[in-house]
1. Please list the three semi-axes, largest first and in whole Å, of the ellipsoid equivalent to the chain, using sqrt of 5 times the eigenvalues of its alpha carbon gyration tensor.
2. Sort out the exposed loop GluC sites (Glu not before Pro) in the chain (DSSP loop, at most 14 other Cβ within 10 Å) and tell me the longest stretch that has none.
3. Excluding Thr189 itself, what net charge comes from residues whose Cβ is under 10 Å from its Cβ, given Lys and Arg +1 and Asp and Glu -1?
4. Using a Cα-Cα cut-off of under 15 Å, which aspartates and glutamates could be cross-linked to Lys374, ignoring same-chain neighbours fewer than 8 residues away?
5. Compactness ratio of segment 122-213: Cα Rg over 2.2 N^0.38 Å, N = residue count?
6. About the Cα centre, and with charges only on the beta carbon of Lys, Arg (+1) and Asp, Glu (-1), how big is the dipole of the chain? Nearest 20 debye, please.
7. Please compute, for the alpha-carbon atoms of segment 111-265, the extent along each of the three principal axes and give them in descending order in Å.
8. Starting from the eigenvalues of the Cα gyration tensor, five times each then square-rooted, give me the equivalent ellipsoid semi-axes of segment 27-163, largest first, whole Å.
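The values are calculated or read from the model by the stated rules, or taken from the named source; none is laboratory data. Everything numeric here is computed off the predicted structure, so don't read it as measured data. Cβ placement follows ideal geometry from the backbone for every residue including glycine, while neighbour counts extend to all protein chains displayed. For the accessible areas, the whole protein counts, side chains as well, though only heavy atoms, and no ligand, DNA or RNA atoms are used. Shrake-Rupley method; radii C 1.70, N 1.55, O 1.52, S 1.80 Å.
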Amino acid sequence: KVMNSDSLLRRGRLCYGIHLVIIMLKAIFENAFNGQRLAQWTLLLVVQIIIYPILSDSSLKQICNLFLVLTASINLCGWVFLIVLYRHSVRVIFNRKLPTRTSTLPSFTVHFAMLRPLEIIFRYVTLRFRVLPDILVLGEVRCGTTTLCQHLASTYGCHPPFCLWRHPELDKKETFYFVGHYLGMVDPTKYRMCFPLALTKWFHQRVLRRPFFTFDGCAQYLTSPTAPYLIAKAYKDADQPPPILVACIRNPLDQALSWWTYENNAMLWGNNMGLTEWNTQLRTAAYPPQTISRALAFSLSDEVQQMYADAEELFSTKNENASTCCLPNWAITWPAGQLSGIGRNGSFAANIQRYERIFGESFGSSAGITMHSKSSLRFINIIPLDTLASDDLLYPSMQRLLDCLNLRTRCKEHITFSEQQIYFGIRRNVGTKLSNIAMLPTNEEKATLKQFFANDTKELEKLYGNTFAWSS
């Protein structure tokens, strides 16, 4: 009986191992077909291993040996880095405990399909030869940044940024660099790795006589307590003028409700990957809050307030011992987790004023370029969601934004926004319904949020130089 049980156990392990191999091979073939570089290099290595014994010519074998060593080295670097990125993503970005060995495969194959380890390595090696973006869409989340970036990306002369995530709503839109997705690395001198080569810019402008610009549309920058210091330092150290800074806004109540829905659905996505246990060592046992009122209370708690203050102190210009290399895990992507943004994201005036103050200290109040004559802002260009949703308002607003860009770049080939781009009816990353109906905000919670944002909205109208329809 003991022998039979041992034999069955071995057979079970063998069958399970074969099952894992089949799943991984399927993932490699599918991802290679979809353009994933690591999967393509893995298939190339397999082909080389198969061909090598067939070769009879010694000179061909020597050449094949060189390519085999090169391909194997690339695969080793890529797979090791993929595993490191996967572990960082699970524990810090998804805020979960690493799954057991037997339950790792679902979440790992998803990350394998989405991450770009080889591209990150290549860009890191060549970062010295790359450019900084001309436009930064700072946020806010759920305020139309994806739609705005789609309009920018479709503008003649635009070269979109690199994103480590192969996701339709993130790719060619946002880098996630200054919020720590690259293993916490936020060194301003390495920000260039996410953008095109300087040679590409030179070739388009000097040889092809075409306009050239690039942008970053990471919507999490506006709320981030650390991003403004790091962004300002990136341009200051490079001896470049500040970029065109854009803040997309909307009714803060709608923004909070939309972010609550979006983030809870994202957490459900993590559960479906097999990431079921929360990383309570990184956050707290109180995370994630189960209602939007608890999320607001959590965001305003003394503990979270102190975490944001500590995070800002990390890279503050007043901190002489500040290190700008890495963001600690507790501050990724925002201190205390994504839902700490409830209440903070919609405080547009406070977040914008923080950027104005930090960039004013770094560059002087006259260095910025803005498109609104009535606005008292010197660096931040505000674009309401209503503008992006209106074909009549979108064209002049986009053209004014690109006029600011032309003033900054001083390029002979002016960048213009075609009216035909509006007719595509671009509405990217639109909101969805909350999967868990029990977590829907009540009317009382909505009223509380509306009252909470009232003072900040009044301050925002002063900064913008105009009133908003939703402020009444």
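1. Working: eigenvalues 334, 188, 83 Å².
Computed over the chain, the values are 41, 31, 20 Å.
2. 1-168
3. +2
4. In chain and number order, the partners are Glu459, Glu461.
5. 1.10
6. Around 1220 debye, computed over the chain.
7. Principal extents (largest minus smallest coordinate, Cα): 48, 31, 31 Å.
8. Calculated on Cα positions only, the semi-axes equal 35, 23, 14 Å.
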